[in-house]
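Since the structure comes first, as structure tokens, the remarks are kept for the end.
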Amino acid sequence: MSQALGSSEPPQCKGQQHHLISRRIAKGLSRHPTLKGLYEPRDPRLVSRAKDEQAHCGYQEWHRKVDEEVVNWLEQFPQATPKQFMDKLREIYSRPEMKARFPNGF
């Protein structure tokens, strides 16, 4: 495990692609009454590139927290529309700490 990054990725990994629909989020979506079947794990339509190695390398703690937030949101809003789901993702990825990781957004 990379001590500096808190991830299991090798230390040479650089600015990974980030899939907004992680396996954990995809599992939550698969149980969602209105959104199931619309997205897939690691959906190629929802990908961003991290700024550098420190921004994203493996399944870091910030990534787990984002996943937890999205899964909780899915549970709280069982009638959410695709637009509302995308708005939630945009809200998360427009936060300053996320823009610092993913300057090009998604």
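Determine, for Glu68, Glu53, the number of other Cβ atoms within 10 Å of each Cβ, and report the residues in order from fewest to most.
Numbers: Glu68 13, Glu53 19.
So the ranking, lowest neighbour count to highest, is Glu68, Glu53.
Below 20 Å, Cα to Cα, which lysines can Lys51 reach? Residues fewer than 8 away in the same chain don't count.
The qualifying lysines are Lys14, Lys65, Lys99.
What three numbers, in Å, describe the spread of the alpha carbons of the stretch 18-57 along their principal axes, ordered from the longest?
36, 17, 11
Using modelled amide H (1.01 Å from N, peptide plane; none on Pro or chain starts), what sits under 5 Å from the amide H of His18, excluding residues fewer than 5 places away?
Answer set, sorted by chain and number: Ser48, Arg49, Ala50.
Across the Cα atoms of the stretch 32-106, what radius of gyration and what greatest pairwise Cα-Cα distance (Dmax) are found, in Å?
12.9, 37
Using Cβ contacts closer than 10 Å as the measure, can you line up Val47, Val71, Val66 from fewest to most?
Numbers: Val47 13, Val71 18, Val66 21.
Starting with the residue having the fewest Cβ neighbours, the order is Val47, Val71, Val66.
None of the figures in this text is laboratory data; all of them are computed from the coordinates on show. Keep in mind that what you see is a predicted model, and the values were worked out from it rather than measured. Methodologically, a virtual Cβ is constructed for each residue, glycine included, from the backbone with ideal geometry; neighbour enumeration extends over all protein chains shown.
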